[in-house]
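See below for the structure under consideration.
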Amino acid sequence: MPGITREEVAHLARLARLELKDEELDHFAGQLDDIIGAVARVSEVADQDVPPTSHPLPLTNVMRADEVRPSLTPEQALSGAPAQEQQRFKVPQILGEE
Amino acid sequence: MAQTAAHELIKLTAAETAAKIAAGEVTAVQVTEAHLARIEAVDEKVHAFLHVDREGALAQARAVDAKRERGEKLGPLAGVPLALKDIFTTEGVPTTVGSKILEGWLPPYDATVTQRLKAADVVILGKTNMDEFAMGSSTENSAYGPTGNPWDLTRIPGGSGGGSSAALASYEAPLAIGTDTGGSIRQPAAVTGTVGVKPTYGGVSRYGMVAFSSSLDQGGPCARTVLDAALLHEAIAGHDPLDSTSIDAPVPAVVEAARNGSVQGMRVGVVKQFRGEGYQDGVIQRFDESVALMKELGAEIVELDCPSFDLALAAYYLIAPSECSSNLARFDAMRYGLRVGDDGTKSAEDVTALTREAGFGPEVKRRIMLGTYALSSGYYDAYYGSAQKVRTLITREFEAAFEQVDVIVSPTTPTTAFPIGERADDPMAMYLADVCTLPVNLAGNAAMSLPCGLAPEDGLPVGLQIIAPTMKDDRLYKVGAAVEAAFVEKWGHPLLEEAPSL
Amino acid sequence: MTVTDLVSYEDALATYEPVMGLEVHVELGTKTKMFCGCSTALGADANTQTCPTCLGLPGSLPVVNAIGVESAIKIGLALNCSIAEWCRFARKNYFYPDMPKNFQTSQYDEPIAFDGYLDVQLEDGEVFRVEIERAHMEEDTGKSTHVGGATGRIHGASHSLLDYNRAGIPLIEIVTKPIKGAGERAPEVAKAYVAELRELIKALGVSEARMEMGQMRCDVNLSLMPKGSEKFGTRSETKNVNSLRSVERAARFEIQRHAAVLSSGGTIIQETRHFHEEDGSTTSGRVKEEAEDYRYFPEPDLVPVAPSREWVEELRKGLPELPRLRRNRLREEWGVSEHDMQSILNAGAVDLIVATTEAGADAAAARKWWMGELARRANEDGVDLDALPITPEQVARVAALVAEGSLNDKLARQTIEGVLAGEGTPDEVVEKRGLKVVSDEGALGKAVDEAIESNAAIADKIRGGKVAAAGALVGAVMKATRGQADAARVRELILEKLGVEG
Ligand SMILES: [Mg+2]
Ligand SMILES: [Zn+2]
């Protein structure tokens, strides 16, 4: 497995919305490299014909009836908001559009 | 009314406490006050609690006393104080998950576990310290400072639920709730000489339990005795329609099992992968003695080989970070929690990134980035995909093992409590603390840790792990109760009595 | 932003073959959201229909809405798709403030329905088969209002306000396979497909599919390849094209724009584009510095959906008469040609006409008003027919007033105009504007007498047997009564008074 570079760490940080400081980039690059080196062992089983397990329980079809349940009050919903206006969550300007 | 002194009240088991309250020998308020006083006296040193809800606890205790006075029947844990890990939402009471990013957040709703505790008339004393977002094995990753191990305050109380285990071991509460993603209930129990149970995945609702790794997380009971753990288990377990992964089946009869401890005629498996390099001598010694004890008590010991267990740690450190990278994305400074850098010129995007930088500690950032990496296009199959195959192999090996044995035993963790700071910046060394516990999380079955003695070389507690098949949680209690009784008889007292007074 | 010189449509099609992909999101008409019990009712105050789950509060968990799944299966069956025997939800990870968890719970490589088709009929009766790639379940986002900018647009805004009432409303995303071979008719195919799909959704009763309300939204992917080539060009993705007419215009514009870029030796960038209703153009969305990496993985908080074959067959049996078959039936009942029926469909008028006949009008009258006066108005205003502020009941009332002779065609048109202008119901408009046909025999008789008197020469001709000359006298009476007379009755009176057989 190739080592993880500082640039890759910076890319991951952007994807994960973490404004890392320069010294953190170096520090994490080293640590992530160690960890990835250790966990890469799992690829030993990559060619084995084994189904993946995404979940420990073999449950299926857990659904609820389409019945309305009480919502929070708007005061409760907004109680943790860092800022609010007109009963809405106030957020800084949004740059892009999805 | 026979008065029981405060220092005696705090040493009672939960079962004894509830019985005294029900009998009117002591009031729930007296019990609560005794514990609040104990917290007042020792928690400055231990730092088990992030928040003590004095008023809420006393109000709940008064309600229990009023119920009794009205002649209403009290439940088996009515009036018993409990320390709640700060990962469960509590309406109007701070819930931080040990993170700066949620400092001051007052949830507008109760977790299902919180609701069930209230419904059982349990008195919630407050919220306990933990590794930030339950990521860690030492509670050093809490944004609010570490918790000390009551056996030696310079050592870790385990993690992530170190606050809960320390609260029990320091007699601040007879009951606590933990969560176990890779060992966060069992490993703290092991290093503090207490009892902790990770129920079968889906046995206890995750609704309102702040997610770390959804497919591994499981809440469970922590106590000083096997019976107390069973009583708490019964109070919080059972189907919850608000959690899609909750098992819709009756809770295994854990209390009955705890009251009828026995290993007579049981087949007990010992997995050869759970020893070797990295295991402390005293841990192996106490474990071997435990196996010998079970044999004396009538169990048949069976050697097991589970080769895929060697890959469990690697699989775990891909799956858990992957899920956490997604679960923690919601902490974006928009709807709740910390917001940093909103000076009117910065974009939402920048404010999110600045807030997450400021609000998350290094271990959380490390795991978020690791998970982001493992899920990235191009790496998914090699990492996340393979980790899930390992998960299948481990599950199959457990299934094959449980065709030969009723339970499996192992040391809970390879070493006793290590000094605070020792592994703080060596993530791989830290991760090894969970090597015996995390295969269970990957497979989803049930496991318990209970004390099996002190390591001769350092005089610190060693934990014995018992593992049962899915939905056979009762076997943990049946075996655990028998082992506990035999040890207490051998030692002449519960192990915790050997802990230094604080 | 660059101004694009367009190539004429004809020139573009002479050189290039368009390839389209249409992605339609349909908001289901369930009572509750996809993963929580919050109401989906429209028009509620901001943030009154939210809960821990749809706000993405820490600890909250999703539970699937059974009717959401049922609706998805119905849509899949109606689109001739295979229904998955087992499929999962997945998390699509990306940060955006309108998405509370910062991942969308969606489906990735395991959609509930896949590999189907929808036959659409063009204006001239030609049937075009649009292949369906997949239909999958997901959830909607919240709504943001941008404050402080000049136009309420995102650019230049100082901040945004978020309302999460819409967050979590169930969506079905329906994706076509690449649509090739439509040539110059590609925009028409796009429109006919969306129109047919909308009819289908409404017929299934799973959504009202009102495009103007955002209940059905279309993304138009388009690329060009040189005629004779098999290799697709780079595509653009025009987002949120939210009327039938706009779908056609957007496709047409992009064909012309792509051709212009390609013909001048440029390259098309893969990007999202925004459609502008005002002039039918598209402009570039934000170009992202980094390629999207959604890090999809199976949603661990939900369990797989495995619709039993019995359930699927039961739903198949319960499917309503499909729109194309229903249209053929209606076409026969109404006695109109294939071509007229296609125009009715493309105008979005089928259900409006049916509703109007159900409100008592005869089919010919209902068709005449919706496809005549009202279609003209919708076209002028650039809106879909059902977005006009007039109901089928009101149109039926106008038709009834005509049938009983209270209104003539001209007055009926004025009545409709009044309703559209918001002056009230047809009866109120007639009243306020004084539009009733003059049927007072006395007043009418007087007007007729006056006309005969002042047109003596013409009256004589009529008396002499030239009945056709009566038209001039009718015209004079109509003029005198400012059009408010029933022309047929006027003619009768004239002939009567002049003693001539009509
Ligand atoms: Mg979508
Ligand atoms: Zn909700």
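The values are calculated or read from the model by the stated rules, or taken from the named source; none is laboratory data. From a predicted model like this one, the values you see are computed outputs, not experimental measurements. Cβ atoms come from the backbone with ideal geometry, glycine included; neighbour counts cover every protein chain shown. Note: areas computed on protein heavy atoms with side chains; ligands, DNA, RNA excluded. Shrake-Rupley method; radii C 1.70, N 1.55, O 1.52, S 1.80 Å.
For the stretch C:16-23, check the following and say yes or no: at least one residue is within 13 Å of chain A (Cβ to nearest Cβ) and either within 30 Å of A:ALA77 (Cα to Cα) or at pLDDT 95 or above (or both).
There is no residue in the stretch C:16-23 that is within 13 Å of chain A (Cβ to nearest Cβ) and either within 30 Å of A:ALA77 (Cα to Cα) or at pLDDT 95 or above (or both).
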Taking the stretch C:378-392 as the region of interest, how many residues are open to solvent by 30 Å² or more (accessible area, probe 1.4 Å) and farther than 22 Å from C:ASP124 by Cα?
7
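Check C:LEU200, C:LEU222 and return the single one that is open to solvent by less than 10 Å² (accessible area, probe 1.4 Å) and either assigned to a loop (DSSP other than H, G, I, E, B) or under 26 Å from C:VAL350 (Cβ atoms) (or both).
Numbers: C:LEU222 fails: either assigned to a loop (DSSP other than H, G, I, E, B) or under 26 Å from C:VAL350 (Cβ atoms) (or both).
Checking each option against the conditions leaves just C:LEU200.
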Which one is nearest to C:VAL305 (Cα to Cα), of the residues in the stretch A:63-79 that are surrounded by fewer than 20 Cβ atoms within 10 Å (Cβ to Cβ) and away from ligand 2 (no atom under 14 Å from the Cβ)?
A:MET63
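When only residues in the stretch C:157-173 that are in a strand (DSSP E or B) and within 14 Å of ligand 1 (Cβ to nearest atom) count, which is surrounded by the most Cβ atoms within 10 Å (Cβ to Cβ)?
Here is the first cut: in the stretch C:157-173, the ones in a strand (DSSP E or B) are C:159-163, C:170-173.
Those left that are additionally within 14 Å of ligand 1 (Cβ to nearest atom): C:170-173.
Working: C:PRO170: 28, C:LEU171: 26, C:ILE172: 26, C:GLU173: 19.
Among residues in the stretch C:157-173 that are in a strand (DSSP E or B) and within 14 Å of ligand 1 (Cβ to nearest atom), the one surrounded by the most Cβ atoms within 10 Å (Cβ to Cβ) is C:PRO170.
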Here are the criteria: (1) in contact with a Pro (Cβ under 8 Å, 6 or more places away or on another chain); (2) within 16 Å of ligand 1 (Cβ to nearest atom); (3) not hydrophobic (A, V, I, L, M, F, W, C). Tell me which single one C:THR141 does not satisfy.
(1)
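I want to confirm something. Restricting to the stretch B:370-380 and keeping residues that are of a type outside the set (Phe, Trp, Tyr), at the interface with another protein chain (Cβ under 7 Å from one of its Cβ atoms) and free of Cβ contacts under 8 Å to residues at least 12 places away in the same chain, which single residue is most open to solvent (accessible area, probe 1.4 Å)?
At the first step, the residues of the stretch B:370-380 found to be of a type outside the set (Phe, Trp, Tyr) are B:370-372, B:374-378.
From what's left, at the interface with another protein chain (Cβ under 7 Å from one of its Cβ atoms): B:370, B:372, B:375-377.
Of the ones still in play, those that are also free of Cβ contacts under 8 Å to residues at least 12 places away in the same chain are B:376-377.
Numbers: B:SER376: 8, B:SER377: 85 Å².
So the residue we want is B:SER377.
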Please verify whether C:LEU171 is within 16 Å of ligand 2 (Cβ to nearest atom) and touching a His at 6+ places or on another chain (Cβ under 8 Å), treating the condition exactly as stated.
yes
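Step by step: first the residues of the stretch B:167-203, then only those that are of a type in the set (D, E, K, R) and within 14 Å of chain A (Cβ to nearest Cβ), then the one that is surrounded by the fewest Cβ atoms within 10 Å (Cβ to Cβ). Which residue is that? Explain how you work it out, then say what you get.
Filtering the stretch B:167-203 down to residues of a type in the set (D, E, K, R) leaves B:172, B:180, B:186, B:198.
With within 14 Å of chain A (Cβ to nearest Cβ) added as a condition, the list becomes B:180, B:198.
Values: B:ASP180: 33, B:LYS198: 36.
Result: B:ASP180.
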Filter the stretch B:360-369 down to residues that are more than 8 Å from chain A (Cβ to nearest Cβ) and crowded, with 24+ Cβ neighbours inside 10 Å and give me whichever is farthest from B:TYR336 (Cα to Cα).
B:ARG367
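Confirm whether B:THR352 is out of contact with any helix residue (DSSP H, G or I) (no Cβ under 9 Å at 6 or more places or on another chain) and either surrounded by 21 or more Cβ atoms within 10 Å (Cβ to Cβ) or facing chain A (nearest Cβ under 7 Å) (or both). So that I can check it myself, show each step before the final result.
Values: out of contact with any helix residue (DSSP H, G or I) (no Cβ under 9 Å at 6 or more places or on another chain): yes; either surrounded by 21 or more Cβ atoms within 10 Å (Cβ to Cβ) or facing chain A (nearest Cβ under 7 Å) (or both): yes.
Here the answer is yes, as B:THR352 does meet what is asked.
Considering only residues that are polar (S, T, N, Q), touching an Asp or Glu at 6+ places or on another chain (Cβ under 7 Å) and closer than 30 Å to C:ILE73 by Cβ, look in the stretch C:8-58 and name the one that is farthest from ligand 1 (Cβ to nearest atom).
Keep residues of the stretch C:8-58 that are polar (S, T, N, Q), which gives C:8, C:15, C:30, C:32, C:39-40, C:47-50, C:53.
Next cut, touching an Asp or Glu at 6+ places or on another chain (Cβ under 7 Å) only: C:30, C:32, C:47.
Then drop every residue that is not closer than 30 Å to C:ILE73 by Cβ, which leaves C:30, C:32.
Working: C:THR30: 17, C:THR32: 20 Å.
In this case the residue turns out to be C:THR32.
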Residue within the stretch C:176-187 that is away from every other protein chain (no Cβ under 14 Å), small (Gly, Ala, Ser) and exposed (fewer than 15 other Cβ atoms within 10 Å of the Cβ) present:
yes
Which one of these is at pLDDT 95 or above, within 16 Å of ligand 2 (Cβ to nearest atom) and out of contact with any Cys (no Cβ under 7 Å at 6 or more places or on another chain): C:SER106, C:SER82, C:SER39, C:SER71?
C:SER39
The stretch B:6-19, residues that are over 21 Å from the mean Cα position of the chain (by Cα), of a type outside the set (Asp, Glu) and open to solvent by 50 Å² or more (accessible area, probe 1.4 Å)
B:ALA6, B:HIS7, B:ALA19
Can you pull out every residue in the stretch C:393-431 that is more than 23 Å from C:GLU441 (Cα to Cα) and loosely packed, with under 14 Cβ neighbours inside 10 Å?
C:ALA421, C:GLY422, C:GLU428
With the checklist (1) buried (at least 18 other Cβ atoms within 10 Å of the Cβ); (2) within 13 Å of chain B (Cβ to nearest Cβ); (3) in a loop (DSSP other than H, G, I, E, B) in hand, flag the one item C:GLN104 doesn't pass.
(3)
Residues being open to solvent by 50 Å² or more (accessible area, probe 1.4 Å), in a helix (DSSP H, G or I) and of a type in the set (D, E, K, R): count how many of those fall in the stretch C:350-377.
5
Can you name the number of the only condition in (1) within 16 Å of ligand 2 (Cβ to nearest atom); (2) buried (at least 23 other Cβ atoms within 10 Å of the Cβ) that C:ALA113 fails?
(1)
Output yes when any residue across the stretch C:57-77 is in a strand (DSSP E or B) and of a type outside the set (Gly, Ala, Ser), and no when none is.
yes
For the stretch B:132-173 the number of residues that are part of a helix (DSSP H, G or I) and of a type outside the set (D, E, K, R) is 10
Kindly check whether there is at least one residue in the stretch B:445-463 that is assigned to a loop (DSSP other than H, G, I, E, B), within 14 Å of chain A (Cβ to nearest Cβ) and at pLDDT 95 or above.
yes
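When you go through B:TYR383, B:TYR431, B:TYR379, B:TYR373 one by one, which is the residue that is assigned to a loop (DSSP other than H, G, I, E, B), of a type in the set (Phe, Trp, Tyr) and farther than 29 Å from B:ASP474 by Cβ?
Values: B:TYR383 fails: assigned to a loop (DSSP other than H, G, I, E, B); B:TYR431 fails: assigned to a loop (DSSP other than H, G, I, E, B); B:TYR373 fails: assigned to a loop (DSSP other than H, G, I, E, B).
Testing whether each residue is assigned to a loop (DSSP other than H, G, I, E, B), of a type in the set (Phe, Trp, Tyr) and farther than 29 Å from B:ASP474 by Cβ leaves just B:TYR379.
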Please verify whether A:SER43 is part of a loop (DSSP other than H, G, I, E, B), more than 16 Å from ligand 1 (Cβ to nearest atom) and either at the interface with chain B (Cβ under 10 Å from one of its Cβ atoms) or touching a strand residue (DSSP E or B) at 6+ places or on another chain (Cβ under 8 Å) (or both), treating the condition exactly as stated.
no
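Scan the stretch B:113-131 for residues that are open to solvent by 10 Å² or more (accessible area, probe 1.4 Å), in contact with a helix residue (DSSP H, G or I) (Cβ under 8 Å, 6 or more places away or on another chain) and outside any loop (DSSP other than H, G, I, E, B) and report the count.
Within the stretch B:113-131, the first condition is being open to solvent by 10 Å² or more (accessible area, probe 1.4 Å), and the residues that meet it are B:115-116, B:118-121, B:124.
Subsequent filtering for residues that are in contact with a helix residue (DSSP H, G or I) (Cβ under 8 Å, 6 or more places away or on another chain) retains B:116, B:118, B:120-121, B:124.
Filter once more, keeping what is outside any loop (DSSP other than H, G, I, E, B): B:116, B:118, B:124.
Result for the stretch B:113-131: 3.
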Selected residue [surrounded by fewer than 24 Cβ atoms within 10 Å (Cβ to Cβ) and of a type in the set (A, V, I, L, M, F, W, C)] from C:ALA78, C:ALA14, C:ALA72:
C:ALA14
Conditions (1) within 14 Å of ligand 1 (Cβ to nearest atom); (2) part of a loop (DSSP other than H, G, I, E, B); (3) facing another protein chain (nearest Cβ under 7 Å); number of the one not met by C:ARG91:
(2)
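Among the residues of the stretch B:235-270, how many are acidic (Asp, Glu) and without any contact (Cβ under 8 Å) to a residue 60 or more places away in the chain?
1
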